[in-house]
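One structure is given below, encoded as structure tokens.
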Amino acid sequence: MPMKGRFPIRRTLEYLQKGDIVFKNRVKIMTVNYNTSGELSDGARKFVFFNIPQIQYKNQWLQIMMFKNMTPSPFLKFYLDDGEQVLVDMEGKDYKQISLHVKKILGKSEEVLQAEAQAKMQASNPANFGPRKYCLRECICEVEGQVPCPGTTPLPKEMTGKHRTRMAAAAAQE
């Protein structure tokens, strides 16, 4: 696939996965107000350019609104699920400072991210069998290509022990 456009590296999967801002479940909407010119909005422009694609990739349930050249100073506004609003000033800050600050106040901690990843790995492991509450499958018979449970559907006669012993006994009598 050809890399076309302005800074196509921002659209690669590797770059998008390197984003480290994963918001808490409470955050529903994020608005970005910044100016396309001016020295005070330089960090905000770079934040939008480099970090917003990663934030969109890591937080697919988050709605992001961009407002250009509508305010004299750049800021981020977060709307939480309980109606609360969080305002973050970006004026005169570097884009790395902005991303660290946003991660600190509204991002999930490393411990929470690791716990969620561990729970997801345990639930999605196809080798795990048990109650539906904890595992994907209750029995090996649910895997495609496996023999069905004898409790739900009768096995073919060739696969039962009684049939084999009868056949062995019949072969021995002859």
Original post:
Could you name the lysines in cross-link range of residue 120, using Cα to Cα under 28 Å and dropping any fewer than eight places away on the same chain?
Top reply: 18, 24, 28, 58, 103, 104, 108, 133
Original post:
Amide H neighbours of residue 64 under 5 Å, counting only residues 5+ apart in sequence or on other chains, H built in-plane at 1.01 Å?
Top reply: 30
**OP:** Compute the long axis of helix 110-124 from its Cα atoms, compare it with the longest principal axis of the Cα atoms of the chain, and write down the angle in degrees, 0 to 90, nearest 10.
**Re:** 30 degrees
Original post:
What per residue convex hull volume, in Å³, do the alpha-carbon atoms of the range 22-89 yield?
Top reply: 79 Å³
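Around residue 167, under 15 Å between beta carbons, what's the net of Lys plus Arg minus Asp minus Glu among the other residues? All intermediate terms of the calculation are to be shown ahead of the outcome.
Values: positive: 157, 162, 164, 166; negative: 158, 174.
Here the charged neighbours net out to +2.
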Original post:
Using the Cα atoms as the points, what is the convex hull volume per residue of the chain in Å³?
Top reply: 193 Å³
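When only the heavy atoms of the protein chains count and the probe is 1.4 Å, how do 9, 64 rank by accessible area, highest first?
Numbers: 9 95, 64 35 Å².
My answer, sorted largest first, is 9, 64.
Expressed as a rounded percentage, what relative contact order does the chain have, with Cα pairs under 8 Å and six or more residues apart? Don't skip to the end; give the middle numbers.
Working: 219 pairs, mean separation 34.4, N = 174.
This gives 20 percent for the chain.
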Original post:
How far is helix 161-173 tilted off the main Cα axis of the chain, in degrees rounded to 10, range 0 to 90?
Top reply: 30 degrees
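With a 1.4 Å probe and all protein chains left in place, how much of the accessible area of the chain comes from carbon and sulfur atoms, in whole percent?
Details: 6840 of 12280 Å².
Of all accessible area on the chain, carbon and sulfur atoms account for 56 percent.
Mind pulling the per residue volume of the convex hull built on the Cα atoms of the range 117-159? Å³ is fine.
On the way: hull volume 3.0 nm³, N = 43.
Looking at the range 117-159, the number lands at 69 Å³ per residue.
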Original post:
So how compact is the range 1-54: Cα radius of gyration and Dmax in angstrom?
Top reply: 13.5, 38
Original post:
Which order do 65, 90 take when ranked by solvent-accessible area (1.4 Å probe, heavy atoms of all protein chains), largest first?
Top reply: 65, 90
Original post:
From the backbone phi of the range 66-73, what are the Karplus-calculated ³J(HN,Hα) couplings (6.51 cos²θ - 1.76 cosθ + 1.60, θ = phi - 60°) in whole Hz, Gly and Pro given as x?
Top reply: 10, 10, 9, 6, 10, 10, x, 10
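Over the chain, give the accessible area per residue in Å² for a 1.4 Å probe, as an integer.
On the way: 12280 Å² over 174 residues.
It amounts to 71 Å² per residue over the chain.
The values are calculated or read from the model by the stated rules, or taken from the named source; none is laboratory data. Since this is a predicted model, take the numbers as computed values, not measurements. We place every Cβ from the backbone using ideal geometry, glycine too, and count neighbours over all the protein chains shown. Accessible surface areas use protein heavy atoms only, side chains included; no ligands, DNA or RNA. Shrake-Rupley method; radii C 1.70, N 1.55, O 1.52, S 1.80 Å.
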